[in-house]
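No lab work stands behind these numbers, since they all come straight from the coordinates. Source: prediction; values computed, not measured. Note: ideal-geometry Cβ built from the backbone for every residue, glycine included; neighbour counts use all protein chains shown.
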Amino acid sequence: MSKPSVFISYSRRDAGLAQRVESALERLGLDAFNPAREVRPGENWRHAIHAAIKRSDALIMLIGSPKNLTSSWMTYEAGMAEALGKRVMVLLANKHSANDLPVDIASGQIVGFDPQAPARAAHDIVKRLAVA
């Protein structure tokens, strides 16, 4: 049996935070796909993203700050995950409120987290995936 996998969607502004969450998830036994690290130069980005989301059990939309949602790729990736019937979780830094997010994102499953404690966020994600 393969281990559970998640696709991590994030803005470049949150790249460091995404890497810390990715590492914490992998220490807990999940396969975490980070597109910036795993899509090879010259590879068809859309195709690689679609294939990775299709293989994943869920998509984690990591938001360190609502102002970082300027990346159209994040909404593209979340929309693709929903179209593929994948679970989408919004990992929102706890200093922000869901009210700070666009309605289509705020209406999803919001998981608040402390950016200084990515291991706790990873544990919360694993628990929520196990319940699904």
Residue by residue through region 85-101, note down the ones that are assigned to a strand (DSSP E or B), out of contact with any helix residue (DSSP H, G or I) (no Cβ under 6 Å at 6 or more places or on another chain) and farther than 19 Å from residue 114 by Cβ. 87
Residues that are among the polar types (S, T, N, Q) and under 21 Å from residue 131 (Cβ atoms): list the helices (runs of 4 or more DSSP H) wholly contained in region 1-59 that include at least 3 such residues. none
So in region 11-38, with the set limited to residues that are among the charged types (D, E, K, R) and within 13 Å of the chain's Cα centre (by Cα), which one is farthest from residue 64 (Cα to Cα)? 31
Residue satisfying all of: in region 60-74; touching a residue at least 60 places away in the same chain (Cβ under 8 Å) and either in contact with a Gly (Cβ under 6 Å, 6 or more places away or on another chain) or not in a strand (DSSP E or B) (or both); farthest from residue 31 (Cα to Cα) among these: 71
